[in-house]
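One structure is given here, and the rest of the page talks about it.
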Amino acid sequence: HLLGVLNETDASYLEKVYDLKVKAADERLGQFMSQIKTMGLIDNSVIVVFSDHGDEFMEHNAIDHGATLYQEQLHVVSMIRFPSYGRRQDIQTPVRTIDLFPTVFEALGLEGPARVDGVSLLPLLRGKPLKLDVYAESDYRLFVHQRMIRQGNYKLILDLLDGKRELYELESDPLEKNDLSSADPRRTYEMEQALR
């Protein structure tokens with residue numbers, strides 16, 4: 001944790017640098033998409049864009065990524081473009097990056113390799129509910145060992161070093177400021193068992 005080492009001005013500066021990097025990546029993606037269109041490949045290509053992590057700028061007293069498992073690091077861009085699929089469809093259900101691979105295989109009508117983690121997300125595009133437990137982990141530079149499970153709007157973060165548990169209800173507390181682990185010990189326990 002960097003509280004006391006970096007201040008809000010430092011965090012603001014680093015966030016602006018990050019924003020410039022995002023803008024540059026967006027421009028490169030735009031150039032790539034233009035080239036795909038120019039080459040006549042857009043109508044027979046599945047295009048998947050996703051990020052592996054976000055970054056934190058002192059929202060929870062850290063900078064960069066890997067030191068925590070809060071939403072600023074876990075909630076990432078994920079997009080799939082299927083050929084001949086004429087409309088944009090936003091999915092609000094939490095999904096996992098491990099589900100992108102099986103989704104593409106099912107969309108192509110192919111059987112993917114055996115024993116692949118993840119499930120196809122195509123049912124969500126068809127309007128069917130898909131309830132997925134979402135997991136994340138961080139073993140960052142030998143001083144952070146955290147695990148996370150999200151079930152619906154509830155999220156539990158477990159610190160493997162000191163056993164600390166944090167429970168958040170993300171709909172009412174999207175910034176993860178109100179730890180409910182003491183107020184809801186049963187849910188905390190059940191989610192920890194599912195996580196373990």
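The values are calculated or read from the model by the stated rules, or taken from the named source; none is laboratory data. Keep in mind it's a predicted model, so treat the numbers as computed, not measured. Here the Cβ is made from the backbone with ideal geometry for all residues, glycine too, and neighbour counts use every protein chain on show. These area figures cover heavy atoms from the full protein model, side chains too; ligands, DNA and RNA do not enter into them. Shrake-Rupley method; radii C 1.70, N 1.55, O 1.52, S 1.80 Å.
A few remarks follow.
- Percent carbon-and-sulfur accessible area, the chain, ignoring ligands, DNA and RNA, probe 1.4 Å: 52
- The residues of the stretch 50-196 have, on average, 62 Å² of accessible surface per residue, using a 1.4 Å probe with all protein chains present.
- Simple label model, 7 Å out from Cα along Cβ direction - residue 42 to residue 18, nm: 3.2
- Residue 28 versus residue 164: modelled label distance in nm, points set 7 Å from Cα along the beta carbon direction: 3.5
- The count of lysine pairs in the chain that are at least 8 places apart or cross chains, and whose C-alpha atoms lie under 22 Å apart, stands at 5.
- Student exercise, the chain dipole from Lys, Arg, Asp, Glu Cβ charges, in Debye to nearest 20: 820
- Selected from 153, 44, 178 as most flexible by GNM, with the chain as the system and alpha-carbon contacts under 10 Å: 44
- Considering only beta bridges that DSSP places wholly inside the chain, some 95 percent are antiparallel.
- Unit charges at the beta carbon, dipole of the chain: most positive-side option, 140, 123, 188: 123
- Accessible area, probe 1.4 Å, largest first, for residues 182, 51, 34: 182, 34, 51
- Length gained on full extension, residue 88 to residue 186: 31.3 nm, using 0.36 nm per residue less the C-alpha separation.
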